[in-house]
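Novice: This is the structure, below, for whatever I ask next.
What follows is calculated from the coordinates using simple rules that are stated; it is not laboratory data. Since the model is a prediction, treat every value here as computed from it, not as a measurement. No Cβ is skipped: glycine too gets one built from the backbone with ideal geometry, and neighbour counts run over all protein chains shown.
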Amino acid sequence: MATMTSTTSPPAPVFLDRLKRVNWTPYLFLALPLALYFVWIIAPTLYSIYLSMTDWDGVTAVPNFLGFANYQRLFTDRTFNEALVNNVRWLAVFITVPTTLGLGLALIFNQEMRGGRWYKISFYSPLVLSLPVIGLIWAWVYQPRAGLINSLLVGIGVQNPPGWLADRDLAIWCIIAAAAWRQVGYVMVLYLAGLKNVDPTLVEAAIVDGANRRQLFQHVILPLLAPVTTIVVVISIIDSLRAFDLVSIMTAGNQRTQVLANYMYIQAFNNYKMGYGAAIAVILFLISLIFIGFYLWRTIRDELEY
Amino acid sequence: MTTAATTGVNTRSVLGVSANRRRLGEVPKYVFLTALTIIWLVPVFAALLTSFRTMDDITLNGFWSIPSQFNLNNFAEAWSKARVGNYLLNSFIITLPSLFGMLFLSSLSAYALARFKFRLNLPLYFMFVAGTMLPFQILMLPVFRLTNSLGLYNTHLALILIHTAFQLGFCTFVLRNFMRTVPGEIFDAARVDGCNEFRIYWQIMLPLSLPAMAALATLEFTWVFNDYLWAIILLSSDSLRPVTAGLATLRGQYVTNWPVITAGALLATLPTVIVFVFLQRYFIQGLTLGSGK
Amino acid sequence: MSRNTLRFLVVAVLLAAAVLAVAPVLAQDFITYNSYNGDPTPRAFDEKVVAMWNEMHPDKPINHSIIAHEDFKQAIRAYLTAQPAPDVLTWFAGNRARFFIDRGLILDFSDMWQAEGLDDVFAPGFTALATVGEGKYFMPTSYYWWAIYYRPSLFEKAGVKAPIETWDELLAACDTFNAAGIAPFTIGTRFRWPAAAWFDYLNMRQNGPEFHINLMLLKESYTDERVKATFARWQELLDRKCFIANPAAYDWNEAVDFMAQGEAAMYLMGGFITDTYPDELEDDLDFFRFPIIDPSIPVGEDAPTDGYFIAAQARNPEGAKEFLAFLASKEVQQMAFDELGRLPTRIDVDISKATKATQQGIALIQGADYVAQFYDRDTTPEMAEAGMDAMMAFWDDPASIDQLLEELEATRARIAAEQAGQ
């Protein structure tokens, strides 16, 4: 920041000059986007926070104010707790499996190799399919009677293959697997881009210093990829907390696959409990903020060093 | 399946700098990768195959059997009778203005946040970043009421506005971080030449940011194009619906006729595929710009 | 992308936005009509009715939108509170309609009801469904029956006598079919409601319709011994493997395939099953009343009634009333009866040419002491959601029923208290 705006003039006039200039120019630039953002995002969010303390049914003009009653109820709501656990599972899988697999693939494809381009395209092709389409396809893969997996299992002589989405213990993992399938390509693309920015001289220097592969990876490449990892983690968090489409398409939240976003939607739009649904959304937002808080804290630290 | 694969991958390759030993490692690597790729693509191929088959064929021989014949009837059916063509047009009418709107507006806010020191800088930046984490369901009913009171309910403009606004956070986040990587000397020189801030933004920063914006545009295109929920909430006329919401109608209409449904789904996917194929470079270049410092 | 291109694009965007803002200008006399008839056969019928109207009234054409069923149910509140709302909408009778009527979102069309003389041509039960207080808010136009659909050929093959009339016969039939390698019942519970039909029937047969409807109205407790007895019956069926494996993997029409392909013998389903059932196999499809458990108990049946209402904020209420009158007309009900097999709510529809199946369905309903709508239409949406969740959890783990019922009871008590407080 300082490097961009610093000038060589003496201190006092600069200060005054800045006060005059800086005070309004950025706000002029910000006026339009902020206005739009405020009207469509901030105000509705605040309104929803207010709604979460009411019994609004989406229709009545003036809802009753309940204070934190909706939040208290969440603690004893079994489906809510189930959804919370499922979101945590989703998150745990998302920041481990697709991340490592995506990184591994990126490391492979970063080398010159025959047909590398086609392999890459294969892995990120799921990314262009919309989630409803992915949900449809995977619902058939898991179909117990004629689906891909069970056809194969029956073919090799398995007597009672699992019901997958119909099995209440397996269903959520099946959905997460489908989501992870899509995510791997995403992570791979991100890391590939990150590897492109890795300065080869640093790697060469490490090799000259006698680093073995493990050391090279652990002490040179991984730290250099840290900014990408941050982005990957942020995206994984966003995606796993907002997870909605696949659940809604594959099981409609039944079979113990409820996730917070879908449960909120069901409460608000199916049960006409907008206040309660808003409370779920607020919780979801607060959880997101815990994770983003870490990111922001890091950013603040970096910003202040400027 | 995934964890085993991961360890296999990590140990075998580190940036490919050791050229000597590469030859020997080639064969198992290719076998492994090819196998993995095939497994990876099975669902996609299955969808493709299904869309060329007839339902009778599937009922008779099973979903994963070799098709007895290929035809394009399902696509024709989905395009005209199931109105996928019409839905696609709506998708573009919604997506393109949203895209340009969000890029233009976020370049303004990103410029302000990247180039100026002012008290609200960090708070506003964090507000945008936090906004990207917002579960959008929280906005649904308030936004519905808002469009309603503005008289925008059941118009494409309502969708354009909410998409633009909702993606402002992410775009600002990415562009602001990109703009901070631009060396300040360029602007100092421009200011010495007497350029005002708006001209610096318009004539220097925007052109410099084009690669980042192109990358963002690719990414955002797939996001906005694939949106489904806002369309359901803010539109009541089937004739205005974008293709993702239209697919839901199609699923009802063709119940268990998978071939027509997948054909429709693939048609709906086509624009994002095309964008991806042609703008792949931008997509890959730009995705990490947000983290570049 | 050059700088000039970018500028051009920005300008194009602004222009496009401006154009779109003024785009949806509708001609004054349009009537908007939103319906949930997504399935192929009802959809074709729906479109045909609209085409008929448009031909008769070219000056006030229908602007018709068909929305997928599940989407429609969730978007309805948006439709009804929109400015302007769609004029005419499809909906369900019972609690689901009352919710909106009580909140003043539905137009009272008593004047049209009077003018058309509908009191004289609607059966009293349906007039009651239309009426809230002094006003007429809901136009019931058709209903259908629920029954156990079966394939006579499979019954013959396994040596089971149809119809199955008692509980013991039902259990015996399950054993016989299983021994023959045929699943007794198919069911697709991906969206849960086909399971709710089982609850409705078991509860009505076990405890009588009066208890059932009081339970739906949240006046009876879910921890009542009688509810437990209902689930005990259900458990008997599960223990005997009366249902196909993994029902939750299929939605209701996918589960039809088990029957069509001869792998399952029966399906407890609404009359609309014939919309989906393969035409070439319909000769081999019949149905009978859900078996009686206790002959001393009055017989209740599920017969959900569908219909239409007009949004209170309709843009074109006069046109809406005209169109509604048309939808309720003898002509349209006759068509729905002839082509879809939906039973008419008017008494003046000619049912003499009814197919054997339809006659049988009418007899089934007329033979009932009480007619319920359906679990998720008779009770509140929130209760239905919790109830159907519990049914699916029970299906998976019957031993957990006591705990599930305690949770349901807590939900019921809370909703009842909220209702009393309003």
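Novice: Starting from the stretch A:31-131, pick out the trypsin sites (Lys or Arg not before Pro) whose DSSP state is loop and whose Cβ has at most 14 other Cβ atoms within 10 Å.
Specialist: Loop-located and lightly packed - A:Arg114.
Novice: Using the Cα centre of the protein assembly as shown as the reference point, and only Cβ charges (+1 on K/R, -1 on D/E), how large is the resulting charge dipole? Debye, rounded to the nearest 20. Don't skip to the end; give the middle numbers.
Specialist: On the way: 74 positive and 90 negative charges, 1115 e Å.
So the dipole magnitude of the protein assembly as shown works out to roughly 5360 debye.
Novice: Output the 0 to 90 degree angle, nearest 10, between the alpha-carbon long axis of helix C:317-327 and the longest principal axis computed from the alpha carbons of chain C.
Specialist: So the helix axis and the longest Cα principal axis differ by about 40 degrees.
Novice: Oh, and also: Between the DSSP loop rule and a limit of at most 12 other Cβ atoms within 10 Å, which trypsin sites (Lys or Arg not before Pro) in the stretch C:172-273 are left?
Specialist: Passing both the DSSP loop test and the Cβ count: C:Lys219.
Novice: Just how far, in whole angstrom, is the stretch B:187-234 from the stretch C:48-93 if you go by their alpha carbon centroids?
Specialist: If we compute the Cα centre of each part, the gap is 41 Å.
Novice: For the protein assembly as shown, list log₁₀ I(q)/I(0) at each q in 0.05, 0.09 Å⁻¹, using the Debye formula over Cα point scatterers of equal strength and ignoring solvent, two decimals each.
Specialist: Those come out to -0.34, -1.07, one per q.
Novice: Let me ask something else about it. What helices does chain A have that are whole DSSP H segments, at least 20 Å long along their own axis by Cα, and with mean Kyte-Doolittle hydropathy of -0.5 or more?
Specialist: A:11-37, A:78-109, A:171-196, A:226-242, A:274-305
Novice: Still on this model: What lysines sit close enough to A:Lys120 to cross-link, taking a C-alpha to C-alpha distance under 21 Å and skipping anything fewer than 8 places away on the same chain?
Specialist: Cα-Cα hits under 21 Å: A:Lys196, B:Lys29.
Novice: Set Lys and Arg Cβ to +1 and Asp and Glu Cβ to -1, take the dipole of chain C about its Cα centre, and tell me which of C:Pro298, C:Phe323, C:Tyr149 lies farthest positive.
Specialist: Projecting each Cα onto the dipole axis, the largest value belongs to C:Phe323.
Novice: Using the structure shown, select from C:Lys48/C:Lys321; C:Lys321/C:Lys353; C:Lys73/C:Lys219 the pairs with a Cα to Cα distance greater than 21 angstrom.
Specialist: C:Lys321/C:Lys353; C:Lys73/C:Lys219
Novice: Per residue of the stretch B:202-218, in order, report the coupling 6.51 cos²θ - 1.76 cosθ + 1.60 (Karplus, θ = phi - 60°) as ³J(HN,Hα) in whole Hz, putting x for Gly and Pro.
Specialist: Result, rounded to whole Hz: 6, 9, 10, 5, 4, x, 5, 8, 3, x, 4, 5, 5, 5, 4, 4, 4.
Novice: Sticking with this structure for a sec: For C:Met266, enumerate residues with amide H under 5 Å from its amide H, sequence gap 5+ or separate chain, H modeled in the peptide plane.
Specialist: C:Phe185, C:Thr186
Novice: Points 7 angstrom from Cα along the Cβ direction at C:Lys353 and B:Arg199: gap in nanometres?
Specialist: 8.3
Novice: Let me ask something else. Can you give me the long-range amide H partners of C:Ala372? Hydrogens built in the peptide plane at 1.01 Å from N, cutoff under 5 Å, separation of 5 or more residues or another chain.
Specialist: The list, which skips near neighbours in sequence, is C:Glu301, C:Asp302, C:Ala303.
Novice: As a check on your grasp of the helix formula, calculate [θ] at 222 nm for the protein assembly as shown: sum -39500 (n - 2.57) over DSSP H runs of n ≥ 4, divide by the residue count, round to the nearest 500.
Specialist: -19500 deg cm²/dmol
Novice: Under a crude label model (7 Å from the Cα following the beta-carbon direction), how far is C:Ala51 from A:Thr60 in nanometres?
Specialist: Result for the modelled spin labels: 4.7 nm.
Novice: While we're here: What is the helix-to-structure angle for C:401-421, meaning the angle in degrees between its Cα long axis and the longest Cα principal axis of chain C, kept from 0 to 90 and rounded to the nearest 10?
Specialist: 40
Novice: Here is a follow-up. Please list the non-local residues whose amide H lies under 5 Å from the amide H of A:Leu66, H modeled 1.01 Å from N, same-chain partners needing a gap of 5 or more.
Specialist: Hits under the 5 Å cutoff: A:Thr54, A:Asp55.
Novice: Based on DSSP, what percent of beta bridges with both residues in the protein assembly as shown are antiparallel, to the nearest 5?
Specialist: 60
Novice: Further, regarding this structure: For chain C, give me the percentage of DSSP beta bridges that are antiparallel, rounded to the nearest 5 percent.
Specialist: Antiparallel bridges: around 60 percent, rounded to the nearest 5.
Novice: Rounded to the nearest 0.05, what FRET efficiency do C:Ser296 and C:Gln360 give with R0 = 41 Å and r taken as the Cβ-Cβ distance? Could you check?
Specialist: 0.95
Novice: Can you find, among C:Phe30, C:Leu408, C:Gly135, the residue farthest towards the positive end of the dipole of chain C? Put +1 on the C-beta of Lys and Arg, -1 on that of Asp and Glu.
Specialist: C:Phe30
Novice: Considering the options C:Ala162, C:Gln114, C:Cys174, tell which one lies farthest towards the positive end of the dipole of chain C, charges being +1 on Lys and Arg and -1 on Asp and Glu at the Cβ, about the Cα centre.
Specialist: C:Gln114
Novice: Rounded to the nearest 20 debye, what is the charge dipole size of the stretch C:180-248 about its Cα centre when +1 sits on each Lys and Arg Cβ and -1 on each Asp and Glu Cβ? Walk me through the numbers on the way to the answer.
Specialist: On the way: 9 positive and 7 negative charges, 48 e Å.
The calculated dipole for the stretch C:180-248 is roughly 220 debye.
Novice: Nearest 10 degrees, 0 to 90: what angle lies between the long axis of helix C:193-207 and the longest principal axis of chain C (Cα atoms)?
Specialist: The two axes meet at around 50 degrees.
Novice: Under a plain spin-label model, where a point goes 7 Å from the Cα along Cα-to-Cβ, how far apart in nm are B:Leu122 and B:Ser80?
Specialist: With each label placed 7 Å out from Cα toward Cβ, I get 6.4 nm.
Novice: Under the Cβ-under-4.7 Å rule, which cysteines of the protein assembly as shown stay unpaired?
Specialist: A:Cys174, B:Cys171, B:Cys195
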